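The next block holds one structure in the form of structure tokens; read it before the comments.
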Amino acid sequence: MHNSLRRLDLNLLVTLDALLAELNVTRAARRLNLAQPTVSLQLGRLRQVLDDPLLLPGPRGMRPTARAESLREPLRQALAALEDALAPAAPFEPARAERTWRIAASDHSATTLLTPLLADLRQQAPGIRLALLDKKPALLAEQLEGDHLDLALDVADTAAAGLRQRLLFTEHYLLAGRRGHPALQHPVSLDTFCQLDQALVSPSGGGFASATDRLLAEQGRARRVVLSVPHFATLASVLLVSDLVALLPAQIALNHPGLQVQPSPLAIPGFDMLLLWPERLHRDPAHAWLRERIVASLVSQTPA
């Protein structure tokens, strides 16, 4: 950086701009709402730093030197650009916006998010695009802070520290099967539950046990898991065309018209689903608008 710029501060540049506009110390002081001696002192400092008299006495006030005249327009443009850069962010106008949002989510939270949100976004902000990406828990904080993601949905138990967060809903599990499933026409006891052919989601792939099985084992029980799939959407599709049953998150089960549900015969802990975002985007008007739309759409459709 040039030595002259190191020795200047913004106040001096603002004063020089006013002096070049008024060509009079008294009027410049009035324009800046400063005392005349203060402006005179600042003019002296400017002359010292720039090694030029800048303003000289003339028959009708002061006249700029050649150096001062050469600074007039570049200085005015620079201060105007700085003022624009520091001005408050303009209000977000969704109807005119064109932007792509990148949201990391699991299969469950992506399904839960997309259903209520998409129609609302298409109506209010038709120029916005939404990219739902697979959630990678170990990389989530780094991706959000590093401009690779704009938002993420994650359960509270595994949510990365240091991120802004907001509770979207508290999830619980329901026993689900195809509508008309013979075993679901009456309340299912725990004994009957353990005898039914079941399916589950194994996010890591190929697993046939979950927290449910650990709870059953503590009671000396076991269930019959005959199918393992990687995604809840796949699991729901399988239930529609088979006599398998499964424990599904309520947000998925209750919003699928082809499924019949009833309370789980086993007390399975639920989980809190959080919306996560980085500090760098917290005050961005467009980002704040999107967060509010997600919260409004999900809260309005959260099962009781």
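Each value in this text was obtained by applying a stated rule to the coordinates, not by laboratory testing. These numbers were taken from a predicted model, which means no experiment stands behind them.
Structure notes:
- Fully extended contour minus Cα-Cα distance, from Asn33 to Ala222, at 0.36 nm per residue: 59.9 nm
- Using the empirical formula 2.2 N^0.38 Å as the baseline, the Cα radius of gyration of the range 48-93 reaches a ratio of 1.74.
- Both numbers refer to the Cα atoms of the range 133-195; Rg and Dmax are 18.9, 52 Å.
- The GNM of the chain, with springs linking C-alpha atoms under 10 angstrom apart, assigns the highest mean-square fluctuation among Leu41, Leu149, Leu184 to Leu41.
- Three-way shape call for the range 183-240 based on the alpha-carbon gyration tensor, with the a/c threshold at 1.5: oblate
- The range 51-67 versus the range 216-268: alpha-carbon centroid distance in Å: 85 Å
- Using only alpha-carbon positions in the range 22-112, the gyration tensor eigenvalues give semi-axes of 51, 14, 13 Å once each is multiplied by 5 and square-rooted (largest first).
- For the chain, built as a Gaussian network whose Cα springs stay under 10 Å, the top-fluctuating residue of Ala141, Ala217, Ala95: Ala217
- Gyration tensor verdict on the chain (Cα atoms; rounded if a/c is under 1.5, prolate if a/b is larger than b/c, oblate otherwise): prolate
- Among beta bridges identified by DSSP and lying wholly in the chain, the antiparallel ones come to about 60 percent.
- Membrane-span-like helices of the chain, defined as complete DSSP H segments with a Cα extent of 27 Å or more along the helix axis and a mean Kyte hydropathy of at least -1.0, are identified as 66-86.
- Principal axis dimensions, largest first and in whole angstrom, of the range 191-286 by Cα: 53, 32, 26
- Scattering from the range 10-63 was approximated by placing one identical point on each alpha carbon and applying the Debye formula without solvent; log10 I(q)/I(0) at 0.24, 0.28 1/Å stands at -0.90, -1.20.
- When the Gaussian network model of the chain links Cα atoms closer than 10 Å, the mean-square fluctuations of Asp120, Asp51, Asp107 top out at Asp51.
- Whole-number D in µm²/s for the range 77-192 (Stokes-Einstein; Kirkwood sum over Cα pairs; 25 °C, 0.890 mPa s): 134 µm²/s
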